[in-house]
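The values are calculated or read from the model by the stated rules, or taken from the named source; none is laboratory data. This is a predicted model, so every value here is computed, not measured. Cβ sites come from the backbone with ideal geometry, for glycine too, and all protein chains shown count toward neighbours. To get the accessible areas, we keep the full protein, side chains included, count just its heavy atoms, and leave off ligands, DNA and RNA. Shrake-Rupley method; radii C 1.70, N 1.55, O 1.52, S 1.80 Å.
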Amino acid sequence: MRTQVGIIGAGPSGLMLAQLLRQVGIESVIIEQRSRPYIENRIRAGVLEYEVAQLLRQSGVGARMDKIGLPHGGTSLLFGGEMHRIDFRDLTGKEVMVYSQHEVVRDLVAARVESGAPLLFECSDVAVEGFASGDAKIHFVHDGRAETLHCDFIAGCDGFHGVCRPSMPDGHLTFFDRVYPFSWLGILADAPPSAEELIYANHENGFALLSMRSPTVSRLYIQCDADEDLAEWPDHRIWEELDTRLQHPGFHLNTGKITQKGITPMRSFVTEPMQCGALFLVGDAAHIVPPTGAKGLNSAMADAVALSRALELHYAHKNHDGLENYSKHCLRRIWKVQRFSWWMTTMLHRSGEDGFSHRLQLAELDYVASSRTARKSLAENYVGLPL
Ligand code: FAD
Ligand code: DHB
């Protein structure tokens, strides 16, 4: 088997990269370890930046998003019992789109399957080789048969726990990371959202986030300990804590059947560089952010766009600058996204800070609430930096 670009992983980054490449006539094969139902039902992120929503439309996969997604023109910060709205439309002229990651995945998988281009599910023993010596190949087992896919390039879109990053030669990569002393307990519930827009709350019991998936489904998160045991959180305790942390005048928390419950650790992580020879890391394979700024999925899409543009330059114009500068280009953006995600996380969570740090946190919140310039900076980052 031979292709131009071998893509490992059918998450948002791998699927979007394949879609963008197909649009400019570049062949690819996607190799995914999980089944189609598994990736189409994996509940993760839910907020698309303005340009990412535009990207889905321009790539021909935006129709369902425009039908069932929820455009949001702002969000609110809740602290000291008071709500402070950040008006994205007024501050930036843009909005975000609340649309589930697994719906994005479904739309991209459907487009891929319809095109007839290869997308192989349930591949095992995936390994990469030869990428540093001009003979890039991917070994894997599919349908019980051992296969080798020869590629011009390999895109490692295989997430934080994938095989591509660990396959880079010893000493080639430098890692930068920060682990936070708390996690998020997230639920999906059959309950109408209790507010029209997202609420990010800093409460003395800890952070809480009110989000949603549809007019009948709520997505809610609360800060919990890093090593929290889910068994300690029966449904009634989760609802009580959400009610306490999100309470403000006129607010009523709608409750309902909890259909999904999970704990997400909080971490910042960046790999430098994001490339070795013909192997390029894309999305979570290269970097992860704490979810407070809603940036994980969006950053993965940004890398996919950068790599597709670089590959187009290479194939259509024999210009290799884009590929050579891929790491530099992506890292420049991701460090700004890391800064924003770290800032939102630090401003909104409680972690037993000393009195000085806590007062700085309150001053930060007060500054954002009272300064249009500060709100504009938050809004500009939240709706998304240019792709
Ligand atoms: P992934 O979506 O991880 O896709 C990688 C793909 O590669 C997967 O399909 C995987 O099965 C496949 N794969 C892995 N290893 C192999 C292999 N060896 N061979 C073949 N295939 C392989 N971000 C937010 O902004 N907000 C959120 O609320 C949020 N919640 C999250 C909750 C959870 C539980 C997790 C894990 C992440 C969350 N994120 C969130 C982050 C966001 O979902 C990710 O940033 C996004 O999925 C990154 O996309 P990706 O394509 O780079 O990687
Ligand atoms: C959601 C997740 C986030 O991390 C965030 O900042 C906002 C919304 C969500 O899952 O809806």
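Quick notes on this one:
- Each of the peptides 270-279, 152-161, 213-222, 166-175 was scored by the mean count of other Cβ atoms within 10 Å over its residues; in descending order, highest first, they stand as 152-161, 270-279, 213-222, 166-175.
- Taking the Cα centre of the chain as reference, the dipole from Cβ charges on Lys and Arg (+1) and Asp and Glu (-1) amounts to some 840 debye.
- Mean separation of Cα contacts under 8 Å (6+ apart) over length of the chain, as relative contact order %: 20
- Rounded to the nearest 500, the 222 nm mean residue ellipticity of the chain from helices alone is -11500 deg cm²/dmol, with -39,500 (n - 2.57) taken per DSSP H run of at least 4 residues.
- The alpha-carbon of Lys328 sits under 18 angstrom from the alpha-carbons of these lysines, leaving out residues fewer than 8 places away in its chain: Lys336.
- Using the 1.4 Å probe convention, the accessible area of the chain works out to 43 Å² per residue with neighbouring protein chains retained.
- Solvent-accessible area of the chain (1.4 angstrom probe, protein heavy atoms only): carbon and sulfur portion equals 50 percent.
- In range of the label at Asp321: residues from region 244-284 whose backbone nitrogen is under 18 Å from the point 7 Å along Cα→Cβ: none
- At least 24 Å along the helix axis (C-alpha) and Kyte average at least 0.0, DSSP helices within the chain: 296-317
- Evaluating 6.51 cos²θ - 1.76 cosθ + 1.60 at θ = phi - 60° for every residue in region 128-140, the Karplus couplings come out as 10, 8, x, 5, 8, 10, x, 9, 5, 8, 10, 9, 6 Hz, glycine and proline recorded as x.
- Between region 142-209 and region 361-387, the Cα center-to-center distance that results, in Å: 25
- Label-zone membership for region 208-230, site Ile43, 7 angstrom Cα→C-beta point, backbone N under 17 Å: 209-224, 230
- Of the GluC sites (Glu not before Pro) in region 305-387, the ones in a loop by DSSP (not H, G, I, E or B) with at most 13 other beta carbons within 10 Å are Glu353.
- Residue ranges 93-105, 236-248 sort as 93-105, 236-248 when ordered by packing (mean number of other C-beta atoms within 10 Å per residue, highest first).
- Extension gain, Asp225-Trp343: 0.36 nm per intervening residue step, less the Cα-Cα distance, totals 40.5 nm.
- Between region 102-120 and region 18-55, the alpha-carbon center distance in angstrom: 7
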